[in-house]
Amino acid sequence: MNNETKQLDALCISIRDNAATLLHDASAGEDLLVGMPDKTVRGLRLLEDVAFGHKAALQPIAAGEDVVKYGEVIGRAARAIAPGAHVHVDNVESLRGRGDAAPQAGQRSPAPGAGETAGHAGLVLKAPAFDVSKATFLGYPRADGSAGTRNLVGVISCVACANDVVNRLADIEGAAVFTHQQGCSQTMPDVRSITQILINLSLNPNLGAVLLVSLGCESVPSSQVLEAVRAAGKPAEMIVIQQEGGLTASVKKAREIVSRLCREIACERSPVPVSRLRVGLKCGSSDTTQGLSANVAVGALTDVLAAARAGVVIGETTEFMGAEHIAARNAASAAVAGRIFEMVSRMEARARAVGVDMRGGQPTRGNIAGGLTTIEEKSLGALAKAGSAVYQDVVEYGARTNLPGLVMMDAPGREPEMLTGLAASGCNMIVFSTGRGAPQGFPFVPVVKITGNARTFARMNEHMDLCAAGILQGTQSAGEAARELFDALISAASGAPTKAERCGYNNSMNIYVTGPVI
């Protein structure tokens, strides 16, 4: 976009689109100027009130016809939609993840179609907006070749029943507490998964040492977690509440251990190559501005980091649904492309098994209020975070990965579980884009928040680190926004507190499970 778009009222993104996104609230009868992909401008008269970020039809859309945005199908018209009418949940239906409707003719299958498993052959990658291959940050080199952006003692609850002890240690300087709601009375696949996640969290490079807090009777084999962390060479200790005699005695002993560990791991920061960054990507409390601004900036940053051989981990499998064919085209191999389809198919099966229209859960009520109509539309905007980078691998939830470049991690979209998965995978930084203003950080991984919604940046400024609204307003390029984001990322990686760290909004976490509590 350029400065000529400043006075536009709406944007059409692709020549295939039959709906445009409004850049401000507009009323019935108002004549809009719509910016087209070829830089021309066309007029459109609204038939009804349409809010900022919501869509209006550019042309007649017949009942059953595809509704198109980003040049991709985002759903089907549930009834005829006239030019200038509001295009949203009352007249558009998603085609994905629904157990209440039989698959319709033409619906994209989650299995790869012809030509979709060829990997990145023929893919034209975008040149990075700038070169950071020689950049450094001030971090904490670790023996395994990783680097911490923080040097904390992690106090990690092994089971929900130990959370009260752990939470009473949150005021210790140099400590970071992690609590969750899992760890007992679960099926063995979940117990094994939780056990591995606790190990992987403990091995995150931002933790110099770990204190595990066990109740003593949980399903998770806490001693196994302790042994695995020690075997990896990280200082680790454990207290067992039932052995210590309860809350008061456990808190007293834990404080002594944490204080000692803080002294033992104390060291100075030193320059570390940018290639040792492992950046997790997350978006939440989304609206339509993200796919047009903040996520575009994050995507440009992803290209820059991948070119510098830093690691980037993207998850939220639900938000691949309807856009997985695009991700698969950017896969490093047919096998990686197939895994992308496999993960989406598995997640979609869970949604279909509920037997209802998934709207309200995905997209959430907040997403819908922000103009997102279907999971397909949400996914297409969410995957802008990947830029044009090649997917090098696909890993299970919370699996540790050391590959340079972009990796997909199977994970849900909800913040408490998704952020935990990124931390467990080894991310030492997280970039989190938000449209309506998600405030969450993470206990021991700095989270840099970026929004492309100027209203949100003003209203939720306590939680927002950066604003990329200039992309939507035509005053800033994606590359310029990505440069600001990179500078903020390096500053935070070198020790500057993020907004989430300053206000301490970082303790409501959880671990993803797929089975019942029994």
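The values are calculated or read from the model by the stated rules, or taken from the named source; none is laboratory data. Model, not experiment: these values are computed from the prediction. Heads up, the Cβs are rebuilt from the backbone with ideal geometry, glycines too, and the neighbour counts pull from every protein chain shown.
Conditions tested, residue by residue: (1) surrounded by fewer than 21 Cβ atoms within 10 Å (Cβ to Cβ); (2) out of contact with any helix residue (DSSP H, G or I) (no Cβ under 9 Å at 6 or more places or on another chain); (3) outside the structural domain of Asp164 (by TED's automatic domain parsing).
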residue: Thr179; (1), (2), (3): no, no, no
residue: Gln182; (1), (2), (3): no, no, no
residue: Ser185; (1), (2), (3): yes, yes, no
residue: Pro205; (1), (2), (3): no, no, no
residue: Val210; (1), (2), (3): no, no, no
residue: Val225; (1), (2), (3): no, no, no
residue: Glu237; (1), (2), (3): yes, no, no
Some residue of region 187-198 being over 21 Å from Thr401 (Cβ atoms) and touching a strand residue (DSSP E or B) at 6+ places or on another chain (Cβ under 8 Å): no
message: Can you list residue pairs whose Cβ atoms sit under 7 Å apart, with the first residue in region 498-516 being under 27 Å from Phe486 (Cα atoms) and the second being modelled with pLDDT under 95? Count only pairs 6 or more apart in sequence or on different chains.
response: Ala500/Asn506
field: Among the candidates Arg255, Arg278, Arg329, residue that is surrounded by fewer than 24 Cβ atoms within 10 Å (Cβ to Cβ), basic (Lys, Arg), in contact (Cβ under 8 Å) with a residue 60 or more places away in the chain and in the same structural domain as Ala399 (by TED's automatic domain parsing)
entry: Arg329
message: Tell me whether region 368-388 contains one or more residues that are within 25 Å of Met509 (Cβ to Cβ), surrounded by fewer than 19 Cβ atoms within 10 Å (Cβ to Cβ), touching a helix residue (DSSP H, G or I) at 6+ places or on another chain (Cβ under 6 Å) and at pLDDT 95 or above.
response: no
message: Looking at (1) over 30 Å from Gln473 (Cα atoms); (2) in a helix (DSSP H, G or I); (3) touching an Asp or Glu at 6+ places or on another chain (Cβ under 9 Å), which one does Gly233 not meet, given that it meets all the others?
response: (2)
- request: Output yes when any residue across region 431-446 is in the same structural domain as Asn295 (by TED's automatic domain parsing), in a helix (DSSP H, G or I) and of a type in the set (A, V, I, L, M), and no when none is.
  value: no
message: With the requirement that a residue be more than 30 Å from Ala438 (Cβ to Cβ) and in a helix (DSSP H, G or I), what does region 261-292 give you?
response: Leu261, Cys262, Arg263, Glu264, Ile265
query: Here are Ala469, Ala492, Ala423, Ala496: which of them is surrounded by fewer than 23 Cβ atoms within 10 Å (Cβ to Cβ), over 23 Å from Ser379 (Cβ atoms) and either small (Gly, Ala, Ser) or in the same structural domain as Lys282 (by TED's automatic domain parsing) (or both)?
result: Ala496
field: Tabulated pairs, region 78-91, first touching a residue at least 60 places away in the same chain (Cβ under 8 Å), second among the aliphatic types (A, V, I, L, M), C-beta under 7 angstrom, 6+ apart or interchain
entry: Val87/Ala19; Val87/Ala56; Val87/Ala57; Val87/Val67; Val87/Ile81; Val89/Ile368
Condition broken by Thr149, with the remaining ones in (1) polar (S, T, N, Q); (2) free of Cβ contacts under 8 Å to residues at least 24 places away in the same chain; (3) closer than 30 Å to Leu305 by Cβ satisfied: (2)
- request: Could you check, for region 12-20, whether at least one of its residues is surrounded by 17 or more Cβ atoms within 10 Å (Cβ to Cβ), assigned to a loop (DSSP other than H, G, I, E, B) and touching a helix residue (DSSP H, G or I) at 6+ places or on another chain (Cβ under 8 Å)?
  value: yes
- prompt: Exactly one of (1) without any contact (Cβ under 8 Å) to a residue 40 or more places away in the chain; (2) surrounded by fewer than 18 Cβ atoms within 10 Å (Cβ to Cβ) is unmet by Glu462. Its number?
  reply: (1)
task: May I ask you to verify whether Ser433 is touching a residue at least 24 places away in the same chain (Cβ under 8 Å) and either farther than 30 Å from Val155 by Cα or under 19 Å from the mean Cα position of the chain (by Cα) (or both)?
output: yes
